[in-house]
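The values are calculated or read from the model by the stated rules, or taken from the named source; none is laboratory data. The shown structure was predicted, so the numbers you read here are calculated from the model rather than taken from an experiment. Note: ideal-geometry Cβ built from the backbone for every residue, glycine included; neighbour counts use all protein chains shown.
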Amino acid sequence: MIDVIGKRKYMFIVSAVLILIGVMFLLINGGFNWDIQFEGGTIIKIEMANDSYDAAAAEADIEELLGKTVTVQKEKTFNPDAQVKSIALLSIKVTKENTLNSSEINAVVDFLTDEYNIKAGTIPQIKSVEPFIGIELRNKALMAAGWAMLLIVIYVGIRFRVMSGISAALFGIVALVHDALIMLSVYAVFNIPINEVFVAAILTIIGYSMNDTIVIYDRIRENTALMHKADIETMVNTSIVQSLPRTINTLVTTLLTITTLFVFAAIFNVESIRQFAFPLIIGLTSGSYSSIFIATPIWMIWKKYRIKKKILDAKS
């Protein structure tokens, strides 16, 4: 039989190293790359006739026009017209300190229309969020994740009373926090903007990861009665190994779908789908990993401590 529990220390080290790498890149990048939804600012995207324009020159011209710091980038997105595979976009990003008002936005659009090769008849895509609104959205996203975890604690605590339900639930939450940290590490390493897509991804991972943990908890609950003569470590390891085929099969089939979505988005330059699919691939893998190597082993360590303490109390 595979000794999963016996390798727990190595797995703890692997998780710690991955999270530390994320922290290192966070320091290098000077923090997370917050999108305007969570930080505030302005983004203007305008369809160009082609991608021959000079982004650096456009950036300098717009900064001179506004007297504010802006970032101009070339982008491409999927075109439903089969004759042209992608659409060339000019993307202008302004930070929360320099959020543009309506007159400034109109001035930029008029300037680009006059000076650059904008596609005829194009309508600019404009997003402008005041900083206080971005902070409010960020707080609500954290609140949503907090409520999800609280409801999970209540559900698992009731369902797994034989495993000291609340403690089992709390260690499941530890695994969810681990998954969130791994996701944040990915965002930090690849400097992916954190926006509403991140919220959708993290809530998806919370549900998926907890489902994997519950599957193992179910097996432990059954084996508690069937293997009452076995020591706790053997019983937990057996439960994990019995759950592995289901966990692996579910993970592989899910990853096939999400990876296909990611490849499609990469080929056709669908940035929003790519930003969602890539962290999701990492998060789904982390969710299965944490259920096996984080939540269950930590619960077992706590259970061994409780058993040992009970024996020592009985002797004293």
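Consider GLU75 carefully, then state whether it is charged (D, E, K, R), more than 19 Å from ILE118 (Cβ to Cβ) and in contact (Cβ under 8 Å) with a residue 12 or more places away in the chain.
Numbers: charged (D, E, K, R): yes; more than 19 Å from ILE118 (Cβ to Cβ): no; in contact (Cβ under 8 Å) with a residue 12 or more places away in the chain: yes.
Judged against the criteria, GLU75 is not a match.
Can you confirm whether ALA201 is assigned by TED's automatic domain parsing to the domain that holds ALA141, in a helix (DSSP H, G or I), modelled with pLDDT under 90 and surrounded by 19 or more Cβ atoms within 10 Å (Cβ to Cβ)? Quick ask: steps written out before the conclusion?
Details: assigned by TED's automatic domain parsing to the domain that holds ALA141: yes; in a helix (DSSP H, G or I): yes; modelled with pLDDT under 90: yes; surrounded by 19 or more Cβ atoms within 10 Å (Cβ to Cβ): yes.
Yes; evaluated as a whole, the condition is true for this residue.
What is the residue count in segment 105-126 for residues that are of a type in the set (Ser, Thr, Tyr) and touching a residue at least 40 places away in the same chain (Cβ under 8 Å)? Let's see the steps before the verdict.
Of all residues in segment 105-126, those of a type in the set (Ser, Thr, Tyr) come to 113, 116, 122.
Narrowing further to those that are touching a residue at least 40 places away in the same chain (Cβ under 8 Å): 116, 122.
The qualifying residues number 2.
Residue by residue through segment 263-297, note down the ones that are surrounded by 19 or more Cβ atoms within 10 Å (Cβ to Cβ) and aromatic (Phe, Trp, Tyr).
PHE276, PHE278, TYR289, PHE293 - these are the residues of segment 263-297 that are surrounded by 19 or more Cβ atoms within 10 Å (Cβ to Cβ) and aromatic (Phe, Trp, Tyr).
Can you say whether ALA295 is touching a Gly at 6+ places or on another chain (Cβ under 7 Å), assigned to a helix (DSSP H, G or I) and within 30 Å of ASN191 (Cβ to Cβ), as far as the supplied structure shows? First the steps, then the outcome.
Numbers: touching a Gly at 6+ places or on another chain (Cβ under 7 Å): yes; assigned to a helix (DSSP H, G or I): yes; within 30 Å of ASN191 (Cβ to Cβ): yes.
Yes, satisfied.
Among (1) buried (at least 18 other Cβ atoms within 10 Å of the Cβ); (2) over 30 Å from GLU233 (Cβ atoms); (3) not aromatic (Phe, Trp, Tyr), there is one condition ALA49 misses while meeting the rest; what is its number?
It fails just one condition, (1).
Could you please find all residues in segment 1-33 being in a helix (DSSP H, G or I), aromatic (Phe, Trp, Tyr) and under 26 Å from LEU137 (Cβ atoms)? Don't jump to the end; show me each part of the working.
Filtering segment 1-33 down to residues in a helix (DSSP H, G or I) leaves 5-29.
Among the residues that remain, those that are also aromatic (Phe, Trp, Tyr) are: 10, 12, 25.
Scanning segment 1-33 gives a single hit, PHE25.
Where in segment 34-131 are there strands (runs of 3 or more DSSP E), lying fully within it, with 3 or more residues that are of a type outside the set (D, E, K, R) and at pLDDT 80 or above? Can you show your working first?
Values: elements: 41-47, 71-78, 86-94, 125-129.
Because the criterion is at least 3 residues that are of a type outside the set (D, E, K, R) and at pLDDT 80 or above, the strands (runs of 3 or more DSSP E) in segment 34-131 that meet it are 41-47, 71-78, 86-94.
Please identify the pairs in which a residue from segment 136-165 that is assigned by TED's automatic domain parsing to the domain that holds GLU196 and exposed (fewer than 11 other Cβ atoms within 10 Å of the Cβ) has its Cβ atom under 7 Å from the Cβ atom of a residue that is of a type in the set (S, T, N, Q) and part of a helix (DSSP H, G or I), counting only partners at least 6 apart or on another chain.
As it stands, the answer is none, since no pair meets every condition given.
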